[in-house]
């Protein structure tokens, strides 16, 4: 065992990441199912679909869709030039239907409820998945090991060679991974999907990705944002000596120094 830094290889870290990523996705899917059942998400979704279908049927949209192969959502996304390819009567009917849907109070309320529930369920599902996979499991397995890290025999320690504490792991997993590396980009992408984002907000995601790549390439420990925030490093557990405390490391170094000095006298 060596107490100098024995970094885990990039390949081992990547393979461990893939296994942990799969576990997180499974956990997120499970939590989403639970939250969907508890909040009655499907009821809101079905209600919205029924409300829109009633208005579309009133304006004869199903018949138009069948004849011209165009529906409300597709028509709304077309440019003015593309819309002009359809007969004026069809355009007027589709636009009237769209205006009625957009001005319907009940549809707006149901839609906003679905959006709120979607964002809340995603946020909570990701939070609990990361909490379990990146905080609770590493605390139980010791040395900051996730399931993937355990399988590939790599671990997490402080950059001074001392074991990570629950506080450090919380900063690493929740503040670093969940907040900065996952939720900020995810919220920005959700905003873009909902049409409320901008090139500036999307630029934040690009900057985070570039910053991560820069840290991996140019830092001595090949760290990422979560490692920088928590002052940790991923190491090869098979060859790395991890100390219980700074005092334990100092005692070990002193003992080694004394043994070296004693052997030098012979």
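Relative contact order (percent) for the stretch 1-125, with alpha-carbon contacts under 8 angstrom and 6 or more residues of separation? Please list the in-between numbers first.
On the way: 50 pairs, mean separation 47.7, N = 125.
Computed value for the stretch 1-125: 38 percent relative contact order.
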Degrees between helix 246-264 axis and first principal axis of the chain (Cα, 0 to 90, nearest 10): 40 degrees
Cut-off 13 Å (backbone N to label point 7 Å along Cα→Cβ of residue 38), residues of the stretch 117-161: 120-129
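Pairs of alpha-carbon atoms within less than 8 angstrom and 6+ residues apart define the contacts here; what relative contact order does the stretch 71-190 have, in percent?
Numbers: 58 pairs, mean separation 20.3, N = 120.
RCO, the stretch 71-190: 17 percent.
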Cβ-derived FRET efficiency at R0 25 Å, residue 14 paired with residue 191, nearest 0.05: 0.25
Read-out percent of Cα pairs over 35 Å apart, derived from the coordinates shown; its label in (i) 16; (ii) 6; (iii) 42: (iii)
Expected 222 nm ellipticity per residue - DSSP helices of 4 or more, -39500 (n - 2.57), all of the chain, to 500: -21000 deg cm²/dmol
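Quick note: the coordinates plus some simple rules give every number you see, no bench work behind them. These figures come from a predicted structure and were not determined experimentally. Virtual Cβ from ideal backbone geometry, glycine too; neighbours counted across all protein chains shown.
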